[in-house]
Amino acid sequence: MISPVNYRFSFGPWNIGEGADPFGPEVRSAFPHEEKFALYRPLGFEGVQFHDDDVVPGLDDLSPSEVTTKTSEVKAMLDNQGLVPEFVAPRLWFDKRTVDGGYTSNSASDREYAWDRTKQCIDIARGLDCKAIVLWFAREGSYIREAKDAKLAYERLLGVINSMLEYNEDIEIWIEPKPNEPTDQAYVPTIGPTIALAYASDDHTRVKGLIESAHASLAGLDPSDEMAFALAHDKLASVHLNDQNGLKYDQDKNFGSSNLRSAFNQISVLESAGYGTQGEFIGLDVKAMRTQTGSPVTEHLTNSRKIFLRLVEKYRALDHAKVEQFREARDYEALEFFIIEHLLGS
Ligand code: XLS
Ligand code: MG
């Protein structure tokens, strides 16, 4: 069945950046954070992915009422621009108190900070009328494996998930697995442990996964299989489409730019499962190349969106009956050539 979905797209304000990397500083002048939101609609996006401090900058130093006021201002701005907050994620990797991770830190006071910040993040999300909290576990892992008790770490993560579910009955938790970076090895590296944590939680219907293509590639896995696994459990809440050229640093390249066939397979999985029909977004998480000049630089976003839509057209134009025949006959040699020819076009 070909899905009739008209996709809606999201990205996070960090996707319009100044080009700093671990080896060098900014190469483009800063584009004011507040002005980024006016770019969304014209670029073809309606969803905004937020970190808690994208909504309320400097939130650790603000009073609760200042946080509430700022959140309401952002809510009004989103309403005015016709934008939807897709999710809010606690940024638990920047502050000094997160050097060893948040929830799995060996310091009790750092774990307390992580929990307080998580409650603030939930309050901010609810203030925006947003139900989804993304947990990208960033530093929940170790630089050397002996540093932490891994069993205890998993128990702590499950404890936090349950506390979040209890703290607010309306929220959903979307876990975004990643195998490494900034830690050497991360806990919850792939969708398998993500879904296991969901089922182990007090309300698995509110715990789901978010697959980022590059994160799956960094684990040496096929992003489309990671997506399919979540879909099979009705737990694919969102995707961050991008690309990755092999097992290197996290590249956040344009969707389909390195592995076009893999991108096509991700679309096949999403389309055939009817992803998007419940309002799920096509999220992007892409970085502009450091060599791009000007400010703001946004072509990486519009190009990734165009590549996605072109591949959707390709998927819909595929002779699916023919694919079934090849599968039935187990003539995978012919199937592969058929797919490649289809992608190459006439
Ligand atoms: C980092 C993550 C981040 C999340 C939200 O790699 O992808 O961008 O999407 O914390
Ligand atoms: Mg991401």
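A few remarks follow.
- A straight Cα-to-Cα reach below 14 Å connects residue 119 with the aspartates and glutamates 52, 53, 60, 166, 169, 170, 172, residues fewer than 8 places away in its own chain not being considered.
- Only protein atoms count toward the accessible area here, which uses a 1.4 Å probe; on the chain, the carbon and sulfur part of that area reaches 51 percent.
- With 0.36 nm allotted per residue and the present C-alpha distance subtracted, the residue 289-residue 184 stretch has 35.3 nm of extension available.
- Accessible-area ranking of 18, 226, largest first, probe 1.4 Å: 18, 226
- Among 322-328, 234-240, 108-114, 218-224, sorting by the average number of other beta carbon atoms lying within 10 angstrom of each residue, highest first, gives 234-240, 218-224, 108-114, 322-328.
- Summing Cβ point charges (Lys, Arg +1; Asp, Glu -1) relative to the Cα centre of the range 8-153 gives a dipole of roughly 420 debye.
- Distance-filtered residues of the range 54-73 - backbone nitrogen under 16 Å, label point 7 angstrom along residue 96 Cα→Cβ: 60-61
- Only helices enter the 222 nm calculation for the chain: every DSSP H run of n ≥ 4 contributes -39,500 (n - 2.57), and dividing by all residues gives -14000 deg cm²/dmol, rounded to 500.
- With protein chains left intact and a 1.4 Å probe, residues in the range 222-346 average 52 Å² of accessible area per residue.
- Listed cross-link partners 235/322; 178/208; 96/287 are compared with a 21 Å cut-off, the Cα-Cα value being larger for 235/322; 96/287.
- Sorting 160-168, 46-54 by their mean Cβ neighbour count within 10 Å, with the most densely packed peptide first, gives 46-54, 160-168.
- Measuring with a 1.4 angstrom probe and ignoring ligands and nucleic acids, residue 287 comes out at about 110 Å² accessible.
- Residues of the range 67-112: accessible area per residue with a 1.4 Å probe, Å²: 48 Å²
- The solvent-accessible area of residue 139, taken with every protein chain present and a 1.4 Å probe, is close to 60 Å².
- Net dipole in debye of the range 1-74 [+1 Lys, Arg Cβ; -1 Asp, Glu Cβ; about Cα centre; nearest 20]: 500 debye
The values are calculated or read from the model by the stated rules, or taken from the named source; none is laboratory data. Since this is a predicted model, take the numbers as computed values, not measurements. Note that each Cβ is placed from the backbone with ideal geometry, even for glycine, and that neighbours are counted across all protein chains shown. Just the protein is used for accessible areas: all its heavy atoms, side chains included, with ligands, DNA and RNA removed. Shrake-Rupley method; radii C 1.70, N 1.55, O 1.52, S 1.80 Å.
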